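Notes follow the structure.
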Amino acid sequence: MSSRPFAPEADIAQYLVQQAPYYVPVHQEVELFETAYANQLPVMLKGPTGCGKSRFVQYMAHRLKRPLITVACHEDVTASDLVGRYLLHPLTDARRILPIEKKAELLEAGKEFMLVISYNPGYQSVVKELKQSTKQRFIAVDFDYPPPDVEARIIQHESGVSAETAAALVKIGEKVRHLKQHGLEEGVSTRLLVYAGALIQRGIPPHSACEAAIARPLTDDLEIQRSIRELVSAVL
Ligand SMILES: Nc1ncnc2c1ncn2[C@@H]1O[C@H](COP(=O)(O)OP(=O)(O)OP(=O)(O)O)[C@@H](O)[C@H]1O
Ligand SMILES: [Mg+2]
C-alpha cells in the first residue's frame, strides 16, 4: 500500500470556519474538547436534535483554527458511500490511519486531525448500531437543552426577539418537554424555539408562530397538538 498525508493544506483551507460562530458554553464542553484535541482523542457528542451539537463543533473548529468537514449520515449511509470500502477502527485509535482498499492506499491522519461524531440517542440509531469496539474509542460529551437563562439568551440572539418574548418561549419549551412522558417522541428543540422567535420577530402573531414552529413540526397526533396549543395559550 502507498502512503501519503491525509489532506494537503491547500485543499482543506476552503473548509476553515471564517467567522466566529455564536456559541454559549453550557458545561465544561469547551475544555473537554480542547483537551481531547490536544491529545488526539476522537470525540462523540450525544444529545437530542437541535440542542447545539453542530454549532458547538463549528465554534470549536473556529477556535482551534481547523477546517471543518462535515458528513451527514443516516441509516442508509454505508461505509462505502464515504470512501469506498474502508475500515474505521484504525482511524479512531492510536494508529490514526485510514486504509482505502480500492485504491490500495493508506492515508495517515495529521496530528491536527480530529474525528468527531454527533448523534441523537433517542431515535437516530447510527451509534446504537455501532459495536462496543467502535463506541469505546471515543470520549463522550453529553448535550441537552441549555438551562432556561442560557436558552433565553440564545433565542434572543438568534431571532432578535425581546428578552420577554424569549423568556416566554423558554417557558413554552419547558412545558412542551414535559409532554414527552405523554406520548411525544422528543421534546421541542432549541432550534424550533429559535424558529418560533424568528416568525414572531417578522410579524407573525405569537400563537400562529408557535403553531407553525412548535406544535405542527413536533407531532402529527392531533390530540398532542391540542395539548401543545393549550400550553402555549397558558404562557402567552
Ligand atoms: N449553546 C448554544 N449556543 C448558541 N446557540 C445554540 C446553543 N444551543 C443551541 N443553539 C441554537 O440551536 C440551533 C440548533 O443547534 P444545532 O444545529 O447545533 O443542533 P444539533 O444538536 O446539531 O442538532 P441535530 O442533532 O439535529 O444535528 C443552533 O442553530 C443555534 O441557533
Ligand atoms: Mg447537528
Worksheet entry | Residue count for the stretch 48-75, restricted to those that are within 13 Å of ligand 2 (Cβ to nearest atom) and at positive phi | 2
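Select from the stretch 98-113 the residues that are in a strand (DSSP E or B) and free of Cβ contacts under 8 Å to residues at least 24 places away in the same chain and list them in ascending order.
Residues of the stretch 98-113 that are in a strand (DSSP E or B), as a first pass: 98-100, 105-108.
Answer for the stretch 98-113, where residues must be in a strand (DSSP E or B) and free of Cβ contacts under 8 Å to residues at least 24 places away in the same chain: just Ile100.
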Discussion item. So, in the stretch 130-150, exactly how many residues are of a type in the set (Val, Ile, Thr) and within 16 Å of ligand 2 (Cβ to nearest atom)?
Written reply: 1
Worksheet item: Could you list, in sequence order, the residues of the stretch 214-236 that are open to solvent by less than 80 Å² (accessible area, probe 1.4 Å) and under 25 Å from Lys53 (Cα atoms)?
Response: Ile214, Ala215, Pro217, Leu218, Thr219
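Would the stretch 84-94 turn up any residue that is assigned to a loop (DSSP other than H, G, I, E, B), modelled with pLDDT of 90 or more and touching a helix residue (DSSP H, G or I) at 6+ places or on another chain (Cβ under 9 Å)? First the steps, then the outcome.
From the stretch 84-94, those assigned to a loop (DSSP other than H, G, I, E, B) are 84-85, 87-88, 93-94; that's our starting set.
Keeping just the survivors that are modelled with pLDDT of 90 or more gives none.
Looking through the stretch 84-94, none of the residues is assigned to a loop (DSSP other than H, G, I, E, B), modelled with pLDDT of 90 or more and touching a helix residue (DSSP H, G or I) at 6+ places or on another chain (Cβ under 9 Å).
Based on this model, can you work out whether Leu98 counts as open to solvent by 40 Å² or more (accessible area, probe 1.4 Å) and in the same structural domain as Leu64 (by TED's automatic domain parsing)? Lay out the reasoning, then the answer.
Values: open to solvent by 40 Å² or more (accessible area, probe 1.4 Å): no; in the same structural domain as Leu64 (by TED's automatic domain parsing): yes.
It is false that Leu98 is open to solvent by 40 Å² or more (accessible area, probe 1.4 Å) and in the same structural domain as Leu64 (by TED's automatic domain parsing).
Where in the stretch 9-72 are there helices (runs of 4 or more DSSP H), lying fully within it, with 3 or more residues that are at pLDDT 95 or above and within 16 Å of ligand 1 (Cβ to nearest atom)?
So the answer is 29-38, 53-63.
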Worksheet item: Looking at this structure, is Val127 of a type in the set (A, V, I, L, M), part of a loop (DSSP other than H, G, I, E, B), modelled with pLDDT under 85 and within 16 Å of ligand 1 (Cβ to nearest atom)?
Response: yes
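The values are calculated or read from the model by the stated rules, or taken from the named source; none is laboratory data. Predicted model, so just to flag it, every value in this text is computed and none were measured. Cβ coordinates were reconstructed from backbone atoms using ideal geometry, including for glycine residues, and neighbour counts include every protein chain displayed. Protein only, heavy atoms only, side chains kept; ligands, DNA and RNA dropped before computing areas. Shrake-Rupley method; radii C 1.70, N 1.55, O 1.52, S 1.80 Å.
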